[in-house]
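Below: one structure, written as structure tokens.
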Amino acid sequence: MTLARTWSVGLAGVSGAMVEVEVDMSAGVPGVVLVGLPDAVVRQSVDRVRAAVVNTGASWPMRRITIGLSPASMPKQGSGFDLALAAAVLAAAGALPTDSVDGLVLLGELGLDGSVRAVRGVLPAVLAAARAGHGTVVVPAGNAEEAALVDGVDVLAARTLGDVVGHLSGRTRLAAHRRGPLPVPAPAPDLGDVVGQAAGRRAVEVAAAGGHHLFLTGPPGAGKTMLAERLPGLLPVLDERAALEVTAIHSVAGTLPPGAPLLSRPPFEAPHHTATMAALVGGGSGAIRPGALCRAHRGVLFLDEAPEFPRATLDTLRQPLERGQVTISRAAGSATFPCRAQLVLAANPCPCASAAGDAACTCSPLERRRYQSRLSGPLLDRIDLRVELPPVTRAAWMGAATAPEPTAAVAARVAAARAAAADRLGDTGLVLNSQVPGRLLRERWPVPRAALALAERALDRGLLSVRGLDRVLRVSWTLADLAGRTVPDGDDVAEALGMRLQRVAA
Ligand SMILES: [Zn+2]
């Protein structure tokens with residue numbers, strides 16, 4: 001037999017796409033011809049595959065070898081095709097029975113010594129193989145736990161090309177990998193660690209309950225980072241579908257923590273302000289990787305010292321956050337990733353960042369204004385909650401007589417509030433107050449006129465825009481949900497207004 005076929009999987013964003021690998025041997029000048037849009041990495045893979053085959057003890061056929069990857073129109077990136085190429089070449093050369101590789105899906109990069117190396121994106125690849133009806137997938141041993149998350153597919157874990165050749169030739173057997181018990185995720189940071197900061201604690205609770213973006217200002221040491229880190233712990237644990245979705249993103253990004261094949265907690269991503277656009281949103285050379293924004297999908301994206309981020313970078317976040325997805329285009333193709341993340345911005349009140357707060361500030365009013373205006377209006381305008389944290393004084397620290405409420409207690413209130421909102425939003429397809437468009441909100445769930453007096457006065461005095469009023473109404477509903485009220489009252493509106501009209505208001 002001189003023709004062999006097998007399968008591998010390419011990535012398009014966070015989805016896998018089946019790629020058929022065909023190898024034909026013919027008489028003629030020995031050499032390798034690749035067809036089907038392979039990128040530079042796939043071209044190099046021929047050299048790796050040749051070395052791996054020889055170092056495994058098999059011989060490389062001295063024939064004219066034509067390798068086709070189809071569909072030809074799909075860009076093929078990365079090194080994950082090595083193992084499939086090696087198996088197809090050996091089968092076409094007669095070193096393996098061709099029917100042993102027919103219909104088989106193989107994923108993995110080969111080392112020159114014949115070792116099988118872990119690759120990114122194995123979870124979405126195996127999901128795609130299962131969807132396409134393939135029953136068996138060979139994956140690198142390092143990716144086996146991740147691959148075994150997918151039901152209905154036999155996962156064979158390979159450490160070396162020799163393992164795979166032995167299995168396919170029937171000499172030895174690779175046992176199907178059984179998924180171990182899912183490890184219990186490490187406990188998330190607890191809200192009980194945050195002493196004082198009643199306003200900040202309230203803000204993260206409201207943010208979690210309604211899915212609202214949050215902006216925290218306050219001097220260094222006031223607890224901005226501590227509070228932001230505790231927001232994911234207040235969000236509901238991801239259900240299976242959501243967990244697979246989030247895990248697939250981290251699989252493609254190559255950020256899946258070892259020993260944690262399934263991410264079941266909302267993720268927390270905190271990129272530094274020096275992060276490149278590619279690191280923040282996505283990109284990179286070769287296969288497009290999701291950035292911090294996408295890795296925060298169904299979790300929290302925290303930008304500490306937000307005014308230090310380049311303005312263009314912050315502006316780039318606006319549309320993806322609104323649409324819940326981002327498309328990254330490169331010469332080699334484009335990829336779309338989901339990014340439904342909750343944004344938390346933090347900022348010092350001024351560039352001197354005095355820990356004692358305004359009392360010890362050495363900045364001129366102009367410097368302060370310039371610093372605060374570095375955050376773009378359009379992005380800030382989409383943030384429902386703006387909370388100013390006072391410096392933590394010794395008195396507040398010592399005076400905290402009762403232990404602060406732990407995450408579990410607050411998360412229970414958040415869950416009840418979310419259930420109330422989802423129930424009310426019912427047939428709209430929306431589940432969180434922050435998602436409700438202003439017009440729909442005003443038409444279907446009007447807040448009683450009597451409760452609105454304060455908001456109307458703020459509107460009259462120009463302290464609040466009409467769009468700002470919509471945001472106040474959304475937060476009012478979340479406050480009512482948290483309090484177990486069926487409709488917001490004047491206190492809810494007043495509190496929501498207070499969380500909108502901070503001094504930093506742009
Ligand atoms: Zn200052």
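Taking label positions 7 Å along the Cα-Cβ direction at both ALA176 and LEU3, the computed distance is 3.2 nm, reported to one decimal. Ordering THR393, THR274, THR56, THR225 by the number of other Cβ atoms within 10 Å of each residue's own Cβ, fewest first, gives THR274, THR393, THR225, THR56. Modelled label positions at ASP423 and VAL33, each set 7 Å beyond Cα in the direction of Cβ, lie 6.9 nm from each other. Kirkwood analysis of the range 219-354, using all unique Cα-Cα pairs, places the hydrodynamic radius at 15.5 Å.
Couplings 3J(HN,Hα) for the range 437-451, derived from phi with the Karplus relation 6.51 cos²θ - 1.76 cosθ + 1.60 (θ = phi - 60°), are x, x, 5, 4, 4, 5, 6, 8, 10, x, 7, x, 3, 4, 7 Hz, where x marks Gly and Pro. Legend: ranking of residues MET25, MET62, MET277 from fewest to most surrounding C-beta atoms inside 10 Å; resulting order MET62, MET277, MET25.
Taking label positions 7 Å along the Cα-Cβ direction at both ARG449 and ARG323, the computed distance is 4.2 nm, reported to one decimal.
Which FRET efficiency value, to the nearest 0.05, do you get for THR225 and LEU112 by plugging their Cβ-Cβ distance into 1/(1 + (r/R0)^6) with R0 = 56 Å? With a Förster radius of 56 Å, E is 0.80. Beta bridges assigned by DSSP with both partners in the chain are antiparallel in approximately 50 percent of cases.
Within the range 276-292, which residues have the backbone N less than 13 Å from the label spot 7 Å out from ALA331 along Cα→beta-carbon, could you tell me? Zone members listed by number: 285-286.
Between HIS272 and ARG457, the contour length at 0.36 nm per residue exceeds the Cα-Cα span by 62.6 nm.
Here, the range 399-480 yields an orientationally averaged convex hull projection of 7.7 nm² when only Cα atoms define the hull. The length gained on full extension between ARG64 and ALA360, counted as 0.36 nm times the residue separation minus their Cα-Cα distance, comes to 98.8 nm.
The convex hull drawn around the Cα atoms of the chain, when projected onto a plane and averaged over every direction, covers 27.2 nm².
Cβ crowding within 10 Å, taken as a proxy for footprinting-reagent exposure, orders LEU238, LEU106, LEU366 from fewest neighbours to most as LEU366, LEU238, LEU106.
Computed from the C-beta positions of ARG43 and THR136, the FRET efficiency with R₀ = 30 Å rounds to 0.60. Using a Förster distance of 25 Å, how high is the FRET efficiency between ARG374 and VAL195, based on the Cβ-Cβ distance and rounded to 0.05? My answer for the efficiency is 0.20.
None of the figures in this text is laboratory data; all of them are computed from the coordinates on show. None of these values were measured; they are calculated from a predicted model. Positions of Cβ are generated from backbone atoms using ideal geometry, with glycine treated the same way; all protein chains shown enter the neighbour counts.
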